[in-house]
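Here's the structure, in C-alpha cells; my notes come after.
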Amino acid sequence: MATEEATRAVTWEAPEHHHIEKGSDWFWALGIVALCGAIAAFFFGNFLFAILILIGGAAMALAAAKRPSIIPFSVSTRGIRVGDKIYPYSTLEAYFIEEENPNGPQLLLRSKRLYMPLIIMPIPEEYVHEIEDLLLGRLPEEELEEPLANKILEIFGF
C-alpha cells in the first residue's frame, strides 16, 4: 500500500526470496552427490572432509525444504526498511530497479557495508514508479547487477 503523508513512503510485503518447490528427485540427487563426495573423501583418507560434505548436504536439504517467510518492505523519505532492519540513505551508495527479472521487478541497493554490499528487494510492479520517485533525489541511479553466485543458486533451485 502506498501512502502520501508528511513522511512519504511505499510499503509492501513479499517473500524473503523466490521459492522453487523441489520434488523428491531433487533431494535424492542431492543425497547421492553428497554421499559419493563423502565416500571419495573417505577413500582418500580425509575423514574430516567426508563429515563436512555430509553436514553440508544435510544443511542444503534443510535450507531447500524451508519455505520463505513473508516480510515487510518499505521505501520512505527516511530510508529503506527490510523486515526489522532500517537502512538510512547515508549507509547506501546507489540504487537500480531491475524490471526485466523473470521473477518480477527487483530493487538493488549498494550498501557501504563490507559484509553485505548488495541488498536485493522484490518489488510489486504497481509501485515501481513511486519507488523510483522516492529514490531519485536521495541516491544516484547506477546500473547494478545481481551477483553471479545468486544467479547460479537460483538455477539450482535456491
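Coordinate-derived values only; no laboratory data. Computed from a predicted model, the values in this text were never measured in an experiment. We place every Cβ from the backbone using ideal geometry, glycine too, and count neighbours over all the protein chains shown.
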In sequence order, calculated HN-Hα J values of the stretch 138-147 (Karplus, 6.51, -1.76, 1.60; Hz; x Gly/Pro): 9, 9, x, 7, 9, 5, 10, 10, 5, x
With +1 on the Cβ of every Lys and Arg and -1 on the Cβ of every Asp and Glu, and nothing else charged, how large is the dipole of the stretch 108-151 about its Cα centre, in debye rounded to the nearest 20? 460
Using θ = phi - 60° and the Karplus form 6.51 cos²θ - 1.76 cosθ + 1.60, what ³J(HN,Hα) does each residue of the stretch 84-94 get, whole Hz, x for Gly and Pro? 8, 9, 10, 10, x, 4, 5, 9, 10, 9, 7
With θ set to phi - 60° and the Karplus curve 6.51 cos²θ - 1.76 cosθ + 1.60, what are the ³J(HN,Hα) couplings of the stretch 34-51 in order, to the nearest whole Hz, using x for Gly and Pro? 5, 5, 5, x, 5, 5, 4, 5, 5, 5, 7, x, 9, 5, 5, 5, 4, 5
Calculate, for Glu16 and Glu145, the FRET efficiency according to 1/(1 + (r/R0)^6) with r their C-beta to C-beta distance and R0 25 Å; round to the nearest 0.05. 0.75
For the stretch 66-127, the dipole about the Cα centre with charges only on Cβ (Lys and Arg +1, Asp and Glu -1), to the nearest 20 debye, works out at 480
Do the sum for the chain: with -39,500 (n - 2.57) for every DSSP H run of n ≥ 4, divided by all residues, what is the mean residue ellipticity at 222 nm, to the nearest 500 deg cm²/dmol? -11500 deg cm²/dmol
I'd like the FRET efficiency for Ile70 and Leu35, computed as 1/(1 + (r/R0)^6) with the beta carbon distance as r and R0 of 30 Å, rounded to 0.05. 0.30
Place +1 on the Cβ of every Lys and Arg and -1 on the Cβ of every Asp and Glu in the chain, take the dipole about the Cα centre, and give the residue among Gly37, Tyr95, Ile71 whose Cα lies farthest towards its positive end. Gly37
How big is the charge dipole of the chain about its Cα centre, in debye rounded to the nearest 20, if each Lys and Arg gets +1 on its Cβ and each Asp and Glu gets -1 on its Cβ? 980
What fraction of the Cα pairs in the chain, stated in percent, has a spacing above 21 angstrom? 56
